[in-house]
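Peer 1: Handing you this structure, nothing more for now.
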């Protein structure tokens with residue numbers, strides 16, 4: 001280490017008041033093994049390499065896993081009444097009291113080891129407990145909050161009864177039944193579009209954001225910033241794992257106060273090798289997720305949460321490029337916000353918007369969703385379905401909520417709804433994370449069908465006791481939830497059938513469909529088709545203004561065609577809801593020919 005490096009580390013120590021060793025480690029100026037060897041000499045305690053001298057598994061299992069993770073210690077051996085404890089922090093009175101309560105009044109001798117060795121020993125010893133907790137923690141805690149059971153008995157009975165009744169009614173009186181079904185579909189379209197337009201107008205005003213200025217960020221003192229945990233779930237991403245490490249290195253946050261956990265699946269040897277080859281700095285740790293079904297992102301996040309030590313926590317996907325000041329804006333939002341603010345969501349957008357028609361439509365959709373619709377929901381204090389990335393949590397509240405549901409394939413929307421149901425609020429911050437938009441239709445349909453399937457799962461979970469939901473969050477928020485989370489799949493499913501009716505009407509004239517369209521329904525259907533599609537296109541055009549993406553405005557005219565793709569994805573989602581409800585269709589990243597801008 002050069003004198004220049006040491007001077008840099010000392011300057012950071014003066015700003016952050018963090019231990020010099022942690023700063024050197026976070027900057028990649030020393031090796032972890034060497035640092036803890038040196039600390040053992042300074043503390044005048046022997047060093048123990050737990051990979052060569054493993055801890056006694058029986059002794060280790062006698063203590064709570066969460067306590068050892070939090071306090072950074074593991075008992076290694078016990079000889080008579082004396083216990084040898086390996087620590088990754090200097091023993092003090094607080095640690096001695098913790099050990100006395102955990103072990104009893106027994107003599108303790110200390111050894112120094114690395115924090116990685118402690119985490120590794122815990123993961124190996126408590127492997128099954130980690131799997132069970134990450135997979136079934138929410139289900140065991142409150143089964144009604146989990147999508148583990150796709151349908152409850154009453155829901156399944158209602159579904160079967162409705163199908164049988166509908167088929168019977170179609171047999172007895174087909175025309176009246178089809179007219180009623182047509183009316184229902186038309187009203188669903190009308191409610192959906194009116195709701196979205198109304199909320200979007202509320203979100204269109206700039207003050208609808210949780211606006212945090214550059215001065216607010218500048219006023220933050222490094223020494224006053226909390227430890228922040230970043231979770232990055234990675235699976236079959238060997239080609240892009242180095243990219244996320246580069247992107248996260250640009251975050252404007254003290255490295256010694258930034259804990260980055262890369263969540264790697266146990267069977268994904270290529271990505272594990274690529275992550276190790278990247279040689280990340282010391283504030284990056286690898287957490288190996290045990291190989292067991294369901295293999296979903298929320299299960300990996302739950303494993304990572306066990307080892308998260310930050311006061312705040314954020315999730316980033318492997319292709320994400322967040323604004324450098326996003327973490328600081330999140331800190332400001334939490335400190336200025338109410339005590340029940342559980343999460344703030346940053347906006348998502350795409351850096352390869354102009355690559356092809358699909359990426360343009362995807363960008364219009366995301367710009368509308370995160371720049372207009374979600375800020376409108378935030379202003380109106382309505383439930384916000386979180387995005388799958390760039391949602392920032394108070395870690396303690398996240399644990400209190402039961403974390404993520406591994407059986408729900410849109411764990412983000414589910415968690416946002418659960419937070420609202422438990423009396424917590426979710427906000428928005430004026431910061432953006434840039435991602436790679438899907439460039440291939442097949443890849444897009446795989447991703448979108450998973451999202452729609454998750455919306456269906458979330459709807460089924462929260463409608464198990466509708467009256468309870470209304471009591472918890474109120475009638476208007478419940479209706480908002482139904483219009484957005486339940487209404488979105490319904491309107492997507494009906495797009496192709498409605499287009500088919502319209503084409504039939506064009507080709508064969510009105511006589512072919514007259515019986516299905518009494519005057520009132522005819523006018524309502526025409527309104528939906530003409531005005532509804534026009535408003536949907538208008539919302540796509542509106543989406544360009546906040547980010548000044550004016551070159552995309554005319555591409556919004558393709559919105560009706562884009563809705564047909566949604567209908568295909570929704571049909572696939574319904575099929576999988578019954579056949580493979582927990583299957584996580586992997587989105588392939590790194591397909592774009594456009595490089596993320598600097």
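The values are calculated or read from the model by the stated rules, or taken from the named source; none is laboratory data. Treat the numbers as computed from the prediction; the structure is a model and nothing was measured. Every residue, glycine among them, receives a Cβ derived from its backbone with ideal geometry; neighbour counts consider all protein chains shown.
Peer 1: Mind checking which residues of the range 238-279 are touching a helix residue (DSSP H, G or I) at 6+ places or on another chain (Cβ under 8 Å), assigned to a loop (DSSP other than H, G, I, E, B) and modelled with pLDDT of 90 or more?
Peer 2: 251, 252, 253, 254
Peer 1: To continue, here is another question. Can you find a residue in the range 329-345 that is within 30 Å of residue 563 (Cα to Cα), in contact with a strand residue (DSSP E or B) (Cβ under 6 Å, 6 or more places away or on another chain) and buried (at least 24 other Cβ atoms within 10 Å of the Cβ)? Let's see the steps before the verdict.
Peer 2: Taking the range 329-345 and keeping what is within 30 Å of residue 563 (Cα to Cα), we get 344-345.
Narrowing further to those that are in contact with a strand residue (DSSP E or B) (Cβ under 6 Å, 6 or more places away or on another chain): 344-345.
Applying the additional criterion that residues be buried (at least 24 other Cβ atoms within 10 Å of the Cβ) yields 344-345.
Yes: the range 329-345 contains one or more residues that are within 30 Å of residue 563 (Cα to Cα), in contact with a strand residue (DSSP E or B) (Cβ under 6 Å, 6 or more places away or on another chain) and buried (at least 24 other Cβ atoms within 10 Å of the Cβ).
Peer 1: Being crowded, with 17+ Cβ neighbours inside 10 Å, out of contact with any helix residue (DSSP H, G or I) (no Cβ under 7 Å at 6 or more places or on another chain), under 30 Å from residue 284 (Cβ atoms) and not assigned by TED's automatic domain parsing to the domain that holds residue 578 narrows it down to one of 132, 117, so name that one.
Peer 2: None of the others qualify; the one that does is 117.
Peer 1: Restricting attention to the range 58-97, which residues are outside any loop (DSSP other than H, G, I, E, B) and within 34 Å of the chain's Cα centre (by Cα)? So that I can check it myself, show each step before the final result.
Peer 2: Step one: of the range 58-97, the residues outside any loop (DSSP other than H, G, I, E, B) are 58-60, 65-71, 73-79, 82-87, 93-97.
Passing the criteria: 60, 65, 66, 67, 68, 69, 70, 71, 73, 74, 87.
Peer 1: Restricting to the range 140-149, count the residues that are in a helix (DSSP H, G or I) and crowded, with 19+ Cβ neighbours inside 10 Å.
Peer 2: Going residue by residue through the range 140-149, those that are in a helix (DSSP H, G or I) are 140-141, 143-145.
Remaining after also requiring crowded, with 19+ Cβ neighbours inside 10 Å: 145.
Looking only at that region, the number is 1.
Residue-by-condition table, conditions (1) in a loop (DSSP other than H, G, I, E, B); (2) within 18 Å of residue 344 (Cα to Cα):
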position	(1), (2)
282	yes, no
299	no, no
310	yes, yes
313	no, yes
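Peer 1: Are any residues in the range 358-386 within 16 Å of the chain's Cα centre (by Cα) and in a loop (DSSP other than H, G, I, E, B), and if so, which ones?
Peer 2: The answer is 383, 384, 385, 386.
Peer 1: Sticking with this one: Using the structure shown, decide if residue 175 is in a helix (DSSP H, G or I) and more than 30 Å from residue 406 (Cα to Cα).
Peer 2: On the way: in a helix (DSSP H, G or I): yes; more than 30 Å from residue 406 (Cα to Cα): yes.
The answer is yes for residue 175.
Peer 1: A further question on this structure: With the condition kept exactly as written, say whether any residue in the range 444-465 is in contact with a helix residue (DSSP H, G or I) (Cβ under 8 Å, 6 or more places away or on another chain), farther than 21 Å from residue 370 by Cβ and modelled with pLDDT under 90.
Peer 2: Taking every residue of the range 444-465 in turn, at least one turns out to be in contact with a helix residue (DSSP H, G or I) (Cβ under 8 Å, 6 or more places away or on another chain), farther than 21 Å from residue 370 by Cβ and modelled with pLDDT under 90.
Peer 1: Somewhere in the range 222-239, is a residue within 30 Å of residue 584 (Cα to Cα), surrounded by fewer than 17 Cβ atoms within 10 Å (Cβ to Cβ) and either touching a residue at least 24 places away in the same chain (Cβ under 8 Å) or in the same structural domain as residue 537 (by TED's automatic domain parsing) (or both)?
Peer 2: If we filter the range 222-239 for residues that are within 30 Å of residue 584 (Cα to Cα), which is where we start, we get 228-239.
Narrowing further to those that are surrounded by fewer than 17 Cβ atoms within 10 Å (Cβ to Cβ): 236, 239.
Still in the running and either touching a residue at least 24 places away in the same chain (Cβ under 8 Å) or in the same structural domain as residue 537 (by TED's automatic domain parsing) (or both): 236, 239.
Yes.
Peer 1: Pairs under 6 Å by beta carbon, first residue in contact (Cβ under 8 Å) with a residue 24 or more places away in the chain in the range 542-558, partner assigned to a loop (DSSP other than H, G, I, E, B) and buried (at least 20 other Cβ atoms within 10 Å of the Cβ), six or more apart or different chains?
Peer 2: Every condition considered, the pairs that remain are 552/544.
Peer 1: Inspect all residues belonging to the range 198-216 and state whether any of them is within 30 Å of residue 10 (Cβ to Cβ), under 33 Å from the mean Cα position of the chain (by Cα) and not in a helix (DSSP H, G or I).
Peer 2: Residues of the range 198-216 that are within 30 Å of residue 10 (Cβ to Cβ), as a first pass: 214-216.
Remaining after also requiring under 33 Å from the mean Cα position of the chain (by Cα): 214-216.
Going one step further and asking which of them are not in a helix (DSSP H, G or I), we end up with none.
No, because not a single residue in the range 198-216 is within 30 Å of residue 10 (Cβ to Cβ), under 33 Å from the mean Cα position of the chain (by Cα) and not in a helix (DSSP H, G or I).
Peer 1: I've got another one for you. Quick one: how many residues across the range 39-57 are assigned to a loop (DSSP other than H, G, I, E, B) and touching a residue at least 60 places away in the same chain (Cβ under 8 Å)? Let's see the steps before the verdict.
Peer 2: Looking only at the range 39-57, we keep the residues that are assigned to a loop (DSSP other than H, G, I, E, B), and these are 43-46, 48-56.
The next check asks that each one be touching a residue at least 60 places away in the same chain (Cβ under 8 Å); those that pass are 43, 45-46, 48-51, 54-55.
Total meeting the criteria: 9.
Peer 1: Against the condition in the same structural domain as residue 497 (by TED's automatic domain parsing), under 19 Å from residue 535 (Cα atoms) and touching a residue at least 60 places away in the same chain (Cβ under 8 Å), how does residue 197 come out, does it pass? Before the answer, list the steps.
Peer 2: Details: in the same structural domain as residue 497 (by TED's automatic domain parsing): yes; under 19 Å from residue 535 (Cα atoms): yes; touching a residue at least 60 places away in the same chain (Cβ under 8 Å): yes.
Against the criterion (in the same structural domain as residue 497 (by TED's automatic domain parsing), under 19 Å from residue 535 (Cα atoms) and touching a residue at least 60 places away in the same chain (Cβ under 8 Å)), residue 197 qualifies.
Peer 1: Which members of the range 162-181 meet the condition of being more than 43 Å from the chain's Cα centre (by Cα) and touching a residue at least 24 places away in the same chain (Cβ under 8 Å)?
Peer 2: 175
Peer 1: Turning to a different aspect of this structure: Across the range 387-412, which residue is modelled with the lowest pLDDT among those that are part of a helix (DSSP H, G or I) and touching a strand residue (DSSP E or B) at 6+ places or on another chain (Cβ under 7 Å)? Full working, then the answer.
Peer 2: Going residue by residue through the range 387-412, those that are part of a helix (DSSP H, G or I) are 395-400, 411-412.
After this cut, where a residue has to be touching a strand residue (DSSP E or B) at 6+ places or on another chain (Cβ under 7 Å) as well, the list is 395, 397-398, 412.
Working: 395: 97, 397: 96, 398: 96, 412: 90.
Step by step, filter the range 387-412, then rank; the result is 412.
Peer 1: Next question, about the same structure. For the range 315-347, give me each residue that is in a helix (DSSP H, G or I) and under 19 Å from residue 245 (Cβ atoms).
Peer 2: In the first step, residues of the range 315-347 are kept if they are in a helix (DSSP H, G or I); the result is 326-336.
Answer for the range 315-347, where residues must be in a helix (DSSP H, G or I) and under 19 Å from residue 245 (Cβ atoms): 326, 327.
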